[in-house]
Amino acid sequence: MSLIRRLQYEAADRLAGPMLGRYGRLRALARRSRGKRRAGPPQLQSTRKLKELLTTHYLAGRYADGAVPVAWVTSGFPVEILRPFGFHVVYPENHAALCAVQRQGVQLAQVAEQWGVPRDTCAYARCDIGSTLAQMTPVGRIPRPDVLLACTNICQTVVYWYRTLASLLNVPLFVIDTPYQYGEPDAHAERFVARQIEEAIALCARISGVERDDGALGLVAREAKQASELWGECLAYAKRKPAPWSGFDQFIHIGPIVTLRGLPECTAYYRMLRDELSERARLGIAVVENEKHRLVWDNLPVWFELREMSQLLAREGFNIVVTTYTNGWAETAPMFDEHDPIGSAARVYSRVFINRGMGHRTALLRSLAKEWGCDGVLLHSNRSCKPYSVGQLDLASQLTRDGLRTLVLDGDHLDSRSYSKEQAEGRLSAFMESFA
Amino acid sequence: MVVTDEAIRSYLASHRGNGVVLALPVLYPREVLTALDLCGVEVWAHRTPPGCCTQGAGSMQPYLCPTVRGARVLLGQGFEGAIAAVIPHTCDSMQGLAAIGLDMGASAMPVVTFRHPRGGDRASAREFLQAELRAFIASIERIAGRKLTMDRLGDAIELHEGIDRAMRRVLRMRTCIALGDVELYRILRKREWMRASDFAFELRALEQMIDSAATPRKGIPLMVSGMVPEPSDFFEAVDAAGAYVAVDDYAAIGRRLPMHDTQEAEPIGRLIDRMMGAAPCPTRTSDPWSRVRYLVERARAARAPGAILHTVKFCEPELFDVPVLRRGLEEAGLKVLHIETEFEPQMSGQLVTRIEAFVEMLGGGDA
Amino acid sequence: MSALRIGIDLGSTTTKAVVLDASGKIVATALERSEPRAGDQAQRMIAELVRKTGAEGAPVIATGYGRKLVPGASKVVTEITCHARGVFAQLGRAGLLIDMGGQDTKAILVDGTGRVADFAMNDKCAAGTGRFLEVILPRLQAPWDKLRGMYQSAPEAVQVSSTCTVFAESEVISLLANGQAVEGIVRGLHDALAERVVALAGRMLEMSKEVMLSGGVANNGAMVDALGARLGAPVTVVPEPSHVGAIGAALTPP
Ligand code: SF4
Ligand code: SF4
């Protein structure tokens, strides 16, 4: 790794990013003074910091390869183990979500389709494979990985996706398999996961040339636990009636807990967000004027329709206050134990809700609805994401029997070609009318 | 259709052994069922009642594969008094089906899961597989109300090894058997629902038909890779186009066969070897390039100039491999046709056209 | 015995027939909307052509969706092989032929001898075919012969994001309700279709220097423009675009 490259990387990470963030803020201010006033409460102050964090992350990424070891990882990979080795970590899922929000996802997916990936596959994978093939990205440049790391706790699809990347980029792939937990978590599966985490650590040490340091692993585990707990506190503020923030906000603010988990800036960020939410709650600021009904959201968001959908709901006094997806990052991470970083990581990552049976899913949805005071559930039937979507129809009938209003909404988290806006909005409106 | 429910039902009327178990695709330790004298009936497309797709659509999204959608219906209805359903972890959708069967009251019978480790053959994976096999055996024992002895398991494994050897031989000597693909597969696919001892008998008859002096089959030899040959008039289309299946890489048939004999003595170890040693398959997350190497070698041995990738609609494991397989096979000089079927009762005219055009192309366009 | 030969292409939307002389020149053509009794229709069309051209006893080669239904056909060949042969007879060079018909769209890589080197065909879905336009255009009251003018005069394309024909139809209705210009939508629709075609052709595009267009949709200038724009290179419209398959059939050795 060259020294100059390293300096560039550090400079981008420490200085240029924050400056860019500030520049963005100035531009936003200028826009605001010119532009029309947005409906609803002002944006969360923390959003600026969020942009700054993510901008820095992506900017530093441009100079990362050649400076520090680079890993591309899935959202459910135990990223904590990478931190002590100084990896720059890229999250293709996060990147794909970003492309989707900016409505560039389909264009990139089409590159992959033309290359041969069939359309009936997860659109995150297609978008990312397309981005890799065309070397196109809205963030400027993504650093080339030294290693690909996938964990099956979110799906098996990631293995197929990452294998494709491995053959395109000609880099090694390491898979941590977290066997699905149908019922109660079982010891032999978690032992298997722990062993694989050990194997992954050895691999990272080899790639980075840095020796394994168990003390450092413990510290990172502590940091990750803290950040996740703070994230959980943030989510809990939405239990207030009216809620100071919404599920749609949570989808945006989830970025750091997914991508920067285990780093101090992540923890600091959620402390700031928590404080702001607590202030909002104290002042009684509501994110939806006239909040009348509160809903749970299941599955990933329809990224490219986030704004439109939240406005459609807010106009009628509906607010999504909690989602299974954003809650996922607060659900198991408190199990981190700094004195047993590997064993606890095995538990944390095996017990992710999407790696658990339908009994757990049902109980989870019930308790989210109850604790967040919801009277309805929106289940996004996501054509792209089979693991998250199988069983939703059973789930919906169960929840209906429990007395909740439910709607299964057909969509896709990235591919707008398989989404009918007209149909979806019509169904949402009818759903809201049924509350009257 | 290769076999109808009727064929299975009438077989089961006199050969149900000590009970019937439904088994879902694709890899599970069938030897354990044999050892407990259970008759495992596999649920692929044709075992599901007609109209299952529309029925299943009530409780399963239409963008899930027809295997899972159809199996859902059968799971709910039961089949021939099956005492359990074995659902291996094949893919995200199959895993979801097992979860629904276990927890959402969607199964008329107890569900037994089996998780094959993903991410390749390594010591940790073997250790997990061992524990998983023991847990699987314990669940089946509980449901069957009988204990499994290691001796009986050893015998069952030996029986299956013999079957595997015979099947490999039949598939390799394919051109020297005077049977059309339709008839050949009618026999080979009995493995999916016959007890091993009965199937071994059928296979022996087939082996006796191998006649190495016979003039080799006419037509263009093809390699076919996919999940399951459904709808079964696929073979008729191939035949009518002037070709035949020379290399079988169906997950339901040839792909399940272990590539080598195991040296392991202890039964559980043997089972592990057999599973880990099966031909590369995306449901076990095998590396696609290892699939390419394996397939190219077999296509060359059979002098097949073309390969049909026959995937099931919405089957992610197979679909993700298509681009790499296509490239790898083409680089090796094979022509590739990708078709998708959805277990429709018949091949569409469109698919038949594609197969015919493919064979015309392989024939040098002199049609 | 005449030296004439007859090719008939029974498509799912239209049935086409040609009579060629010994040198391969077109003597007569016919085109009708396909009827439910494809065999009877084919027989009648052939009889009429025979009467017109005196092609008694000429070999009849059948291709297309209903190819197996033609009584007395001397040979039956798929439309893929026939299109390659037909386009090669017309243009005399290798290329990538896109044939856009009513129900299906084919991409055929034709080599330097008129043979198929590779091909792809859309799946069951109508999204990438002429059917897509046939369903949606009436909503816009855009006449077929005005499409090219509308396509070219649109200041920009109104994006139609759904590829599913049914979804796209409701999308178009709501675009109209939102006051979007018909021209822009026409452009957006054709661009979307061009995108589907490119996805279908996939890597074959890289393997060929020239893209040729045939099938009924080739008569639609807007589609020719859209495809050319998407590919960044002009598209060659094959002469007698609807009859390429039938010509290829007639040229097939009986
Ligand atoms: S969207 Fe679903 S299928 Fe795609 S990578 Fe994420 S969890 Fe896997
Ligand atoms: S998606 Fe594929 S592997 Fe999974 S059950 Fe369906 S056919 Fe089998």
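Within the option set C:ARG139, C:ARG93, being part of a loop (DSSP other than H, G, I, E, B), surrounded by fewer than 20 Cβ atoms within 10 Å (Cβ to Cβ) and not acidic (Asp, Glu) holds for one residue only, C:ARG93. If you go through the range C:1-49 and pick out every residue that is free of Cβ contacts under 8 Å to residues at least 40 places away in the same chain and of a type in the set (Ser, Thr, Tyr), you end up with 2. Scanning the range C:57-80 for residues that are of a type in the set (A, V, I, L, M) and either within 10 Å of chain B (Cβ to nearest Cβ) or not in a loop (DSSP other than H, G, I, E, B) (or both) yields C:VAL60, C:ILE61, C:ALA62, C:LEU69, C:VAL76, C:VAL77, C:ILE80. Restricting the range C:229-239 to residues that are hydrophobic (A, V, I, L, M, F, W, C) and not in a helix (DSSP H, G or I) leaves a set whose member that is surrounded by the fewest Cβ atoms within 10 Å (Cβ to Cβ) is C:ALA233.
Sort out which residues of the range C:102-112 are outside any strand (DSSP E or B) and either within 15 Å of the chain's Cα centre (by Cα) or at the interface with chain B (Cβ under 8 Å from one of its Cβ atoms) (or both), and write them in order of number. Residues satisfying the conditions are C:GLY102, C:GLN103, C:ASP104. The numbered conditions (1) in contact (Cβ under 8 Å) with a residue 12 or more places away in the chain; (2) more than 16 Å from ligand 1 (Cβ to nearest atom); (3) outside any helix (DSSP H, G or I) are all true for A:ILE154 except (2).
The listed residues are C:ASP99, C:ASP123, and the only one of them that is assigned to a strand (DSSP E or B) and within 25 Å of B:ARG354 (Cβ to Cβ) turns out to be C:ASP99. Select from the range B:316-350 the residues that are in contact with a helix residue (DSSP H, G or I) (Cβ under 7 Å, 6 or more places away or on another chain), surrounded by 19 or more Cβ atoms within 10 Å (Cβ to Cβ) and of a type in the set (A, V, I, L, M) and list them in ascending order. Correct list: B:VAL324, B:LEU325, B:LEU329, B:LEU334, B:VAL336, B:LEU337, B:ILE339, B:MET347.
To keep it simple, each residue is scored yes or no on (1) within 10 Å of another protein chain (Cβ to nearest Cβ); (2) in a loop (DSSP other than H, G, I, E, B).
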site	(1), (2)
A:ILE142	no, yes
A:ALA150	yes, no
A:TRP161	yes, no
A:HIS188	yes, no
A:ARG191	yes, no
A:GLU198	yes, no
A:ALA205	no, no
A:TRP231	no, no
A:LEU235	no, no
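Number of residues in the range C:182-203 that are touching a Leu at 6+ places or on another chain (Cβ under 8 Å) and either surrounded by fewer than 19 Cβ atoms within 10 Å (Cβ to Cβ) or at the interface with chain A (Cβ under 9 Å from one of its Cβ atoms) (or both) equals 3. Could you tell me whether B:GLU360 is part of a loop (DSSP other than H, G, I, E, B), in contact (Cβ under 8 Å) with a residue 24 or more places away in the chain, within 13 Å of another protein chain (Cβ to nearest Cβ) and not β-branched (Val, Ile, Thr)? Taking the combined requirement at face value, the residue does not satisfy it. I'd like to know if the range B:88-97 contains one or more residues that are within 8 Å of another protein chain (Cβ to nearest Cβ), among the aliphatic types (A, V, I, L, M) and under 23 Å from the mean Cα position of the chain (by Cα). The answer is yes, given that some residue of the range B:88-97 is within 8 Å of another protein chain (Cβ to nearest Cβ), among the aliphatic types (A, V, I, L, M) and under 23 Å from the mean Cα position of the chain (by Cα).
Taking the listed residues A:ARG126, A:ARG119, the one that is within 14 Å of chain B (Cβ to nearest Cβ), within 16 Å of ligand 1 (Cβ to nearest atom) and modelled with pLDDT under 95 is A:ARG119, with no other qualifying. Per the conditions (1) buried (at least 20 other Cβ atoms within 10 Å of the Cβ); (2) in contact (Cβ under 8 Å) with a residue 40 or more places away in the chain; (3) more than 23 Å from A:GLY105 (Cα to Cα), the sole criterion not satisfied by C:ALA226 is (3). Elements of the type helices (runs of 4 or more DSSP H) sitting completely within the range A:338-425 and holding at least 1 residues that are surrounded by 23 or more Cβ atoms within 10 Å (Cβ to Cβ), more than 9 Å from chain B (Cβ to nearest Cβ) and among the polar types (S, T, N, Q): these cover A:341-350. Scanning the range C:159-181 for residues being under 23 Å from the mean Cα position of the chain (by Cα), more than 9 Å from chain A (Cβ to nearest Cβ) and among the polar types (S, T, N, Q) gives a total of 1. Just so you know, in the range B:239-259 the residues that are farther than 19 Å from B:ARG291 by Cβ and in contact with an Asp or Glu (Cβ under 7 Å, 6 or more places away or on another chain) include one that is surrounded by the most Cβ atoms within 10 Å (Cβ to Cβ), and it is B:ALA241. Scanning the range B:63-96 for residues that are more than 16 Å from ligand 1 (Cβ to nearest atom) and assigned to a helix (DSSP H, G or I) turns up B:PRO66, B:THR67, B:ARG69, B:GLY70, B:ALA71, B:ARG72, B:VAL73, B:LEU74, B:LEU75, B:GLY76, B:GLN77. The set of residues from the range B:293-318 being more than 16 Å from ligand 1 (Cβ to nearest atom), in a helix (DSSP H, G or I) and under 19 Å from the mean Cα position of the chain (by Cα) comprises B:TYR294, B:LEU295, B:ARG298. Determine whether A:GLY376 is over 23 Å from C:CYS164 (Cα atoms) and at pLDDT 95 or above. It is true that A:GLY376 is over 23 Å from C:CYS164 (Cα atoms) and at pLDDT 95 or above.
Here B:THR262 meets the list (1) crowded, with 18+ Cβ neighbours inside 10 Å; (2) more than 24 Å from B:GLU331 (Cα to Cα); (3) hydroxyl-bearing (Ser, Thr, Tyr) almost entirely, failing just condition (1). Set side by side, the residues C:SER242, C:SER208, C:SER170 differ, and just one is at pLDDT 90 or above, farther than 30 Å from C:ALA30 by Cβ and among the hydroxyl-bearing types (Ser, Thr, Tyr), which is C:SER208. For B:GLU161, indicate whether it is acidic (Asp, Glu) and crowded, with 21+ Cβ neighbours inside 10 Å. Against the criterion (acidic (Asp, Glu) and crowded, with 21+ Cβ neighbours inside 10 Å), B:GLU161 does not qualify. Screening A:ALA100 on (1) more than 18 Å from the chain's Cα centre (by Cα); (2) within 14 Å of chain C (Cβ to nearest Cβ) shows it passes everything except condition (1). Restricting to the range A:103-116, and then to whatever is under 25 Å from A:LYS51 (Cα atoms) and not in a helix (DSSP H, G or I), can you tell me which residue is farthest from the other protein chains (Cβ to nearest Cβ)? The extreme case among them is A:GLN104.
Inside the range A:241-264, can you point out the residues that are surrounded by fewer than 16 Cβ atoms within 10 Å (Cβ to Cβ) and under 21 Å from the mean Cα position of the chain (by Cα)? Scanning the range A:241-264 gives a single hit, A:PRO264.
The values are calculated or read from the model by the stated rules, or taken from the named source; none is laboratory data. As the structure is a prediction and not an experimental result, all values here were calculated from the model. Don't worry about glycine lacking a Cβ; one is built from the backbone with ideal geometry, like all the others, and counts go over all protein chains shown.
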